[in-house]
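K.L.:
Please find one structure pasted underneath; my questions will follow.
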Amino acid sequence: MTVMESLKARAGLLISGGLSFVAALALLRAWSGDPIIQPSGDVGILIGVAMVALFFVISDTRGRGAR
């Protein structure tokens, strides 16, 4: 499986997981009175999603395949 095939196969999971995390984080920030958008801290969300995508790609290219 190539990198693009892996990302296409896992796109729904990555998008829904990322959006769910962002929604929960925004709710917690709003509840505590913090600004909802914090650019310096929100970069970590993008890094986390990229790391999960990299894990999926490595798993899929090693032959495990999309589940």
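K.L.:
Please enumerate the residues belonging to the stretch 14-47 that are within 26 Å of ARG62 (Cβ to Cβ) and free of Cβ contacts under 8 Å to residues at least 12 places away in the same chain.
P.N.:
Within the stretch 14-47, ILE15, SER16, LEU46, ILE47 qualify.
K.L.:
Then there is this: Restricting attention to the stretch 1-39, report how many residues are charged (D, E, K, R), farther than 25 Å from PHE55 by Cα and in a helix (DSSP H, G or I).
P.N.:
Here the count works out to 1.
K.L.:
Scanning for something surrounded by 13 or more Cβ atoms within 10 Å (Cβ to Cβ) and more than 15 Å from the chain's Cα centre (by Cα), does the stretch 41-60 turn up at least one residue?
P.N.:
Scanning the stretch 41-60, I find at least one residue that is surrounded by 13 or more Cβ atoms within 10 Å (Cβ to Cβ) and more than 15 Å from the chain's Cα centre (by Cα), so the answer is yes.
K.L.:
Please specify each residue of the stretch 40-67 satisfying the condition of being part of a helix (DSSP H, G or I), under 18 Å from MET1 (Cα atoms) and of a type outside the set (Gly, Ala, Ser).
P.N.:
Kept after step one, since they are part of a helix (DSSP H, G or I), are these residues of the stretch 40-67: 40-61.
With under 18 Å from MET1 (Cα atoms) added as a condition, the list becomes 52-61.
Within the stretch 40-67, VAL52, LEU54, PHE55, PHE56, VAL57, ILE58, ASP60, THR61 qualify.
K.L.:
Do we have any residue at all in the stretch 7-27 that's exposed (fewer than 10 other Cβ atoms within 10 Å of the Cβ) and more than 9 Å from the chain's Cα centre (by Cα)? Write out each step before concluding.
P.N.:
Going through the stretch 7-27, the residues exposed (fewer than 10 other Cβ atoms within 10 Å of the Cβ) turn out to be 12.
Then keep just the ones that are more than 9 Å from the chain's Cα centre (by Cα); that gives 12.
Checking the stretch 7-27: at least one residue is exposed (fewer than 10 other Cβ atoms within 10 Å of the Cβ) and more than 9 Å from the chain's Cα centre (by Cα).
Where a number appears in this text, it was derived from the coordinates with a stated rule and is not lab data. On a predicted model such as this, the values are computed, not experimentally measured, just so you know. All Cβ positions, glycine included, derive from the backbone under ideal geometry; neighbour counts span all protein chains shown.
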